[in-house]
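Please treat every number below as a calculation from the coordinates, not as lab data. Because the structure is predicted, anything quoted here is derived from the model rather than measured. Quick reminder, even Gly has a Cβ in these numbers, built from the backbone with ideal geometry, and neighbours come from all protein chains shown.
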Amino acid sequence: MVAPDDDSVLWPYTSKAPAFEERTLPLNVLIEGHPEETRRQFLEQGQGTWNETTPEQEDLTEGEADERAAQTTAWRSADGSTRYTYVAENGSAGGLWLDEHYQLHDGEYLGSRHHIRAYASPDDGDEWTAIQAHSEHWDWFRLSHTVDSVERSQRYVEREFMSRDTAGVTRVHLGNDHGSDANGWVTTVGFEDGVPVHFAALALVPGAILTRRTSALRPIRDAVSARLARAIALAGSLLGLYLSVRFGAIAAETRTPHLDPRLIAGAFYPLIAIGLPCCTYYLSRSLDRTTAFTATAVGFSLAILLDYTLLGVTRLPLNVFVHRFSTAIALGFVAVGASHTVRIDPEDHDYLRLGVLLWTVTLLVPLLRFL
């Protein structure tokens, strides 16, 4: 437990339910001041001057200082799953579970965004706001958001308040380092006049960086064969279809701001669930089994990689990697079952059935949590 003021103690995590066992992500920003003033500070834009650090504090690195450059944010009210935190009076044996005072986000619901949940004390005399800030992206297979970082959004919020001459920003170590890439450091922000700004050294946790290695291409001695052209068409079609769903949905969300983004997601989802296997089946019919499987797996994998790269996602949970690998294999079996060499052999039709079964399973498993 941590003490945001002299009267309260706070559990430095959030949870899916009013129970400590359902812990999710750590609180990573604590802000002094009236909760409504804090909300106003988020929703308005401003720039400020920099105060000097004391000898006891370390400066940020040069690269991090560059990130503080004038920043325009667009925080808006947000929808999201309810998360709870626990607060009690200092010295009291009992306490209360709080849900969010409000939620805000900066970004696209169906793309990637910074998302904050703000918690205010139930006592009107307490002037503090605890915030859980994280970055997340819309996952078309889970039909929900996947958190990819808390550190990234914590720094994003820090830069927002560092640009204001009324805010004193420091970091303190609370050890609440369970969840995503959290490192146990919590940002504290004060708005009172005369509060000096101290910059703690940022202990950045390196993320799992998605990289792609490309092998050297051998000189092409002959003209590109028709088979290779069809394989490229298959891979390119899967790539184009997947990215069209992502950025088509983002465009629709931007053009219709008053429409619930989940309705847009529901309209585009069939292009993922039905469109990808149908595209794979149709374009694999003239290929041999090896080429069909390879083109499908490569095309789908490149689509996933490019999607995350364009969204700026640098960390993913292990279960997401496993799911995407399984999905690529499922589409690969659909391609093998549709290939010319398998269709002429009646005994090999099980590949298509297996591919459809695996694809169905990979679609349904992430959705079981809704039951």
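Ranked by the mean number of other Cβ atoms within 10 Å of their residues, highest first, the peptides 133-140, 171-178, 8-15, 101-108 come out as 133-140, 8-15, 101-108, 171-178. Under a 5 Å amide H cut-off, with hydrogens placed 1.01 Å from N, S8 pairs with N90 among residues at least 5 apart or on other chains. Taking every C-alpha pair closer than 8 Å and separated by at least 6 residues, the mean separation divided by the residue count of region 226-370 gives a relative contact order of 28 percent.
Net length available on complete extension from V361 to H340 is 5.0 nm, with 0.36 nm assigned per residue and the Cα-Cα distance removed.
Taking a sphere under 13 Å around the Cβ of W140 and counting the other residues whose Cβ falls inside, with K and R at +1 and D and E at -1, yields a net charge of +2. Subtracting the Cα-Cα distance of E44 and S244 from their residue separation scaled by 0.36 nm leaves 68.6 nm. Evaluated on region 226-370, the Kirkwood hydrodynamic radius is 16.0 Å, with distances taken between all distinct Cα atoms.
Scanning residues 5 or more positions from D148 or on other chains, those with amide H under 5 Å from its amide H are S135, E136, H137, with H placed 1.01 Å from N in the peptide plane. Converting phi to 3J(HN,Hα) with the Karplus coefficients 6.51, -1.76 and 1.60 and the offset θ = phi - 60°, region 94-109 yields x, x, 10, 8, 10, 9, 5, 6, 6, 10, 9, 8, 10, x, 9, 4 Hz in sequence order, with x at every glycine or proline.
Based on alpha carbons, the Rg and Dmax found for region 249-315 are 15.5, 48 Å. For D260 and H173, the FRET efficiency from 1/(1 + (r/R0)^6), where r spans their Cβ atoms and R0 equals 25 Å, is about 0.05. A simple packing score, the average count of other Cβ atoms within 10 Å per residue, orders the peptides 113-122, 298-307, 313-322 as 113-122, 298-307, 313-322, with the highest score first.
On full extension, the segment bounded by F370 and S81 gains 102.8 nm, given 0.36 nm per residue less the C-alpha separation.
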